[in-house]
Amino acid sequence: MIALAGATGFIGRAVRDVLRMRGIKVVTIGRRADADIRWPSGGGEFSPADREKLRRTRAVVNLCGESIGSRWTPARRRAIRESRAGLTATLVRGITSIEPRPRVLLSASAVGFYGERGDDWLDESEPPGPDFLASVAREWEEATSPAAAAEIRVVLMRMGVVFGAGGGMLSRLRLPFSLGAGAKLGSGRQWMSWIALEDVVSFVVRAIDDDGFEGPVNVTSPEPLTNGEFTSLFARILGRPAFLALPAAALRLGFGDMADGVLLASQRARPSCLEGRGFAYVHPDAASALRAAVR
Ligand SMILES: NC(=O)c1ccc[n+]([C@@H]2O[C@H](COP(=O)([O-])OP(=O)(O)OC[C@H]3O[C@@H](n4cnc5c(N)ncnc54)[C@H](OP(=O)(O)O)[C@@H]3O)[C@@H](O)[C@H]2O)c1
């Protein structure tokens, strides 16, 4: 049995469906009434009944987090941080307080951990950046430390932008791009590390049992794209032009700090751990991943 937090999300739904297809029982952790285990309110502890359910799981997959894709007001910043570092800390308190414990915790993180890094190639040994998202990612990862100290194998999934159908960045961009209004952001030279949804799911399934994965893992394809390359490629796949460019100043005016933190930020991640363990990508190149996502 596997516990899955964030099972209602874009990535979580895909993970849940594949695990169930493989005959694995999935126990969901969420805030909705139909979750098998409900998040405790106000940062409290899981109920004894829910701890009993957790006690029967061999792995926990944590894919929660409020969207980062809108203007970061003080309230949004709190929600972004709390739904990652806060919920992860609650989950880790839950799984370290039971016996027997799950053997493995796979916890979401993001390449935003590295901050703005221009053209540098970034493997898992690179330090965290200084900006807001990087500090959230660092706290999010650090919140798993008590699990590692309790000898639970912890895998920190530093994901790039996930390309897939039914959610994530592409679902927001598909309409404007289909209308011929796809636009390069700023100079378009910033690197976008990405991964196909099918490959994220396949990584999760493998890392549950593969003890060779432990600690931070760049869950990204081997071929990051610049924003300009992505814009041309996605437009071409949709059969539309994309001549527009949104200047950085306009993005900052519209989105505040989120523009520099997400839209203009450059992270060129190298998936060293995945390559080192011979991970076989379904979609190693962006054209194949984007075609699959819009099919
Ligand atoms: N998609 C990407 O490109 C990408 C890239 C890198 C990292 N990630 C990270 O991977 C994780 C999953 O991404 P996703 O694209 O699947 O996100 P998503 O579709 O927005 O789903 C987010 C999940 O988190 C839950 N959640 C959000 N805020 C919550 C809160 N305050 N309390 C309890 N549950 C909350 C949602 O539950 P409800 O259904 O109850 O709202 C949902 O199950 C996120 O942490 C994200 O930052 C995603």
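Antiparallel as a % of all DSSP beta bridges within the chain, to the nearest 5?
5 percent
Working from Cα positions, state the angle (0 to 90°, nearest 10) between the long axis of helix 227-237 and the longest principal axis of the chain.
80 degrees
Cβ neighbours within 10 Å, averaged per peptide: list 275-281, 263-269, 6-12, 49-55 in order, most packed at the top.
Answer by packing, highest mean first, reads 263-269, 6-12, 49-55, 275-281.
Considering only DSSP beta bridges with both partners in the stretch 153-295, what is the antiparallel share in %, to the nearest 5?
Working: 2 of 13 bridges.
The answer is about 15 percent antiparallel.
Taking 45 Å as R0, compute the FRET efficiency from the Cβ-Cβ separation of ARG76 and ASP17 and round it to 0.05. Intermediate values should be presented prior to the final figure.
Working: r = 30 Å, r/R0 = 0.66.
Efficiency for this residue pair is about 0.95.
Would you work out the charge dipole size for the chain about its Cα centre, treating the Cβ of every Lys and Arg as +1 and the Cβ of every Asp and Glu as -1, and quote it to the nearest 20 debye?
In debye, rounded to 20, the chain gives about 1060.
With only Lys, Arg, Asp and Glu charged, each at its Cβ (+1 for the first two, -1 for the last two), find how big the charge dipole of the stretch 194-295 is about the Cα centre; round to the nearest 20 debye.
Working: 9 positive and 12 negative charges, 113 e Å.
Computed charge dipole of the stretch 194-295: roughly 540 debye.
Any number yet on Rg/Rh for the chain, C-alpha, Kirkwood?
Result: Rg/Rh = 0.96.
Between GLU151 and SER272, what FRET efficiency comes out of the Förster formula 1/(1 + (r/R0)^6) with R0 = 22 Å and r the beta carbon distance, rounded to 0.05?
0.35
Using r as the Cβ-Cβ distance of GLU223 and ARG51, and R0 as 51 Å, what FRET efficiency do you calculate, to the nearest 0.05? All intermediate terms of the calculation are to be shown ahead of the outcome.
Details: r = 43 Å, r/R0 = 0.85.
Computed FRET efficiency for GLU223 and ARG51 comes out at 0.75.
Obtain the nm distance between the two label points defined at SER125 and ALA33 by a simple spin-label model: each point lies 7 Å from its Cα along the Cα-to-C-beta direction.
Inter-label distance under the simple model: 5.3 nm.
Among DSSP beta bridges whose residues both lie in the stretch 3-108, state the antiparallel percentage, nearest 5. Don't skip to the end; give the middle numbers.
Working: 0 of 12 bridges.
Given both bridge residues lie in the stretch 3-108, the antiparallel proportion sits at roughly 0 percent.
How much net charge surrounds LEU246 when only other residues with a Cβ under 12 Å from its Cβ are counted (Lys, Arg +1; Asp, Glu -1)?
Result for the neighbourhood of LEU246: +2.
Under a Cβ-only charge scheme (Lys and Arg +1, Asp and Glu -1), can you give me the dipole magnitude of the stretch 42-123 about the Cα centre, in debye to the nearest 20?
Rounded to the nearest 20 debye, it is 360 debye.
Count charges around ILE80 for me, please; just the other residues with Cβ under 14 Å from its Cβ, Lys/Arg as +1, Asp/Glu as -1.
+2
For the stretch 18-28, what does the Karplus curve 6.51 cos²θ - 1.76 cosθ + 1.60, with θ = phi - 60°, yield as ³J(HN,Hα) per residue in whole Hz, taken in order and with x for Gly and Pro?
5, 4, 5, 4, 7, x, 8, 6, 10, 9, 8
Note down the nm distance, to one decimal, between modelled labels 7 Å out along Cα→Cβ at ASP209 and at ALA181.
4.8 nm
Students often get this wrong: which residues of the stretch 267-295 have the backbone nitrogen under 15 Å from the point 7 angstrom along Cα-to-C-beta of ARG174?
The answer is 289-295.
Every number in this text was worked out from the coordinates using simple rules, so none of it is lab data. It should be emphasised that the depicted structure is a prediction, and the values quoted were computed from it without experimental measurement. Positions of Cβ are generated from backbone atoms using ideal geometry, with glycine treated the same way; all protein chains shown enter the neighbour counts.
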